[in-house]
Amino acid sequence: MADATEIREQMIDAFEGADYPISSPMDLVPALPNGPGTKFESGDFSVTAMELNTKTSGGDFPYDDPESFVDDIIEDLKEQGEL
């Protein structure tokens, strides 16, 4: 079983280096340690940043900080039964 808190922490760590505010998912790519291939993993859950862009609604841009962006992504993943 995936731990949503662990995934959230991984995402915040990965996305916090972006230049906020962000207006699209593309604004996050330069901040990612492995670009779009950056993985977020917990238990049996594993997803890359690129997959997040296709599996989720992508968020409600713009975002002023990584926490609010990640919270929306986590909520979307929970609604889809991914987490």
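Bear in mind that the values in this text are calculations on the coordinates, not laboratory data. Since we're looking at a predicted model, the values are computed, not measured. We place every Cβ from the backbone using ideal geometry, glycine too, and count neighbours over all the protein chains shown.
Things worth noting here:
- Relative contact order of the range 4-79: 33 percent, from C-alpha pairs under 8 Å at least 6 residues apart in sequence.
- For the chain, the square roots a ≥ b ≥ c of the C-alpha gyration tensor eigenvalues yield an a/c of 1.5 or more together with a/b exceeding b/c, which makes the shape prolate.
- Extended-chain gain in nm, criterion 0.36 nm per residue less alpha-carbon gap, F45 and E82: 12.6 nm
- Inter-site label distance for D19 and A4 at 7 Å from Cα along Cβ, in nm: 3.4
- Of the chymotrypsin sites (Phe, Trp or Tyr not before Pro) in the range 34-73, those whose Cβ has at most 15 other Cβ within 10 Å and which sit in DSSP loop: none
- For the chain, the 222 nm mean residue ellipticity estimated from helices alone, with every DSSP H stretch of n ≥ 4 adding -39500 (n - 2.57) and the total spread over all residues, rounds to -12000 deg cm²/dmol.
- Cut-off 11 Å between beta-carbons: net charge of the residues surrounding F61, Lys and Arg +1, Asp and Glu -1: -4
- The HN-Hα couplings worked out from phi for the range 55-71 by the Karplus form 6.51 cos²θ - 1.76 cosθ + 1.60 (θ = phi - 60°) are 8, 10, 5, x, x, 10, 5, x, 10, 9, 7, x, 4, 5, 5, 5, 4 Hz, whole numbers, x standing for Gly and Pro.
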